[in-house]
Amino acid sequence: MTYCIDPLRDVRWEELCNTHPRSTVFHSVSWLNALKRTYAYEPACFTTSSSPESIANGLVFCVVSSWLTGQRLVSLPFSDHCDILTSNPEDAKELSLALIEHLKTTDAKYAEVRPIVPVPTAESQFQGTHEFFVHSLSLVPSVNDLFKSFHRDSIQRKIRRAEREGLRVERGRSDELLRSFYHLLLITRKRHGVPPPPRNWFRNLIGCFGDCLAIRVAYHGTIAIAAVMTIKYKDALVYKYAGSDARFHSLGGMHILIWRAIQEAKLEGLRRLDFGRSDIDNHGLITFKDRWGTTREKIAYLRCTVRPVQVGRTSVRSQRTARRVFNSMPETVLSAAGRLLYRHVG
């Protein structure tokens, strides 16, 4: 038998996240709160544990309701990955079946899960849609050994160049750093032909994660040239968002920021740096992450539909058209597009 709980109100969910070996920042109450504050997504969780037991497992998801894209059940919106938290395949199967039964009672087009550990798809009616690579760097080796594991030309040399250039790195969560970070993220997304998340999303992440979140900005003189946002969760540091000014790429701003983040994570006793997901056809980004000595793993997002709905990627032609449109937009218009569109994406 399964039960549905509110993970924002039931303290047992946070207790499970704190102890389960596969829980990540995306399962956390802070991430769920940021989603609710920014996009009004309501989270829910299926578990086989009845109250007042401690929770032994859980499948957390949000209801994404949109007049533009319809209603979906997503585990979880804007997460790189989100495992069903169980200790055995039988529980995972039961919880995924509970999600399907819930789907049948709603107007949602589909339910989507984003696991690293595969869900038993044969019985649970899930089908693969999007595939990604996720990269992770072990922080167990010494700082010197980590540096030696980096690609000599692409990473080590860029870090040394940044140090020779005297790039200044500032770290914090101030409004000034957020402005610099968002501007660099905006011009990066414009280069790639996609809108940025709304600025309020980042304000809410800062408010929800507090000291666990850090913005790092690299300056060449007084000019902000690269920025990253990381979130610390349990024994991992998650590299989530980044942006840079292409005019200064040769100076190694992004490289020095990641290197500083690694050094600081080592001092804090963290054991892993999560480099996040990459589209499977984004060869440049995949190569960049590979050259940091990471390990990579392929994951597949899974969907279940109970009504006739086309499952799959948007056509290549329509993607290219959208990128050209977003690439040509003025920055203020592109930022406004992000504010309007992101809550419909999930």
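Say each of Lys148 and Thr69 gets a label point 7 Å from the Cα, pointing the same way as Cα to Cβ; how far apart are those two points in nm? Between Lys148 and Thr69, the label points sit 4.6 nm apart.
For segment 1-137, the Kirkwood estimate of hydrodynamic radius, built from reciprocal distances between every pair of different alpha carbons, is 15.2 Å.
Each residue in Leu177, Leu95 was given a count of other beta-carbon atoms within 10 angstrom of its own, and listing them fewest first yields Leu177, Leu95. Backbone geometry of segment 45-53 corresponds, through the Karplus equation with coefficients 6.51, -1.76 and 1.60 at θ = phi - 60°, to 3J(HN,Hα) couplings of 9, 9, 8, 8, 8, 8, 5, x, 4 Hz, x marking Gly and Pro. Here the chain carries DSSP beta bridges of which approximately 90% are antiparallel, counting only pairs with both residues inside.
Between Ser50 and Glu176, the simple spin-label model (points 7 angstrom out along Cα→Cβ) gives 5.9 nm.
Karplus-based coupling profile of segment 103-119, in residue order and whole Hz: 4, 5, 8, 10, 9, 5, 6, 6, 10, 10, 10, 10, x, 8, 7, x, 7, with θ = phi - 60° in 6.51 cos²θ - 1.76 cosθ + 1.60 and x standing for Gly or Pro. Taking the three principal axes of the alpha carbon atoms in segment 141-270, the coordinate ranges are 39, 36, 26 Å, sorted in descending order. Once C-alpha pairs closer than 8 Å and six or more residues apart are averaged by separation and normalised to the residue number of the chain, the relative contact order reads 23 percent. When His151, His102 are sorted by how many other C-beta atoms sit within 10 angstrom of their C-beta, beginning with the fewest, the order is His151, His102. Using only the C-alpha atoms, the convex hull of segment 27-78 corresponds to 90 Å³ per residue. In segment 206-346, Rg over Rh equals 1.00, where Rg is the alpha-carbon radius of gyration and Rh the Kirkwood radius from pairwise Cα distances.
Net charge in the neighbourhood of Asn33 (other residues with Cβ under 15 Å of its Cβ; Lys, Arg +1, Asp, Glu -1) is 0. Charge tally for Lys158 (other residues, Cβ to Cβ under 12 Å; Lys, Arg +1; Asp, Glu -1): +3. Panel order for Met254, Met1, by other beta carbons found within 10 Å of each beta carbon, from fewest to most: Met1, Met254.
Every number here is computed from the coordinates shown, using simple stated rules; none is lab data. Computed from a predicted model, the values in this text were never measured in an experiment. Don't worry about glycine lacking a Cβ; one is built from the backbone with ideal geometry, like all the others, and counts go over all protein chains shown.
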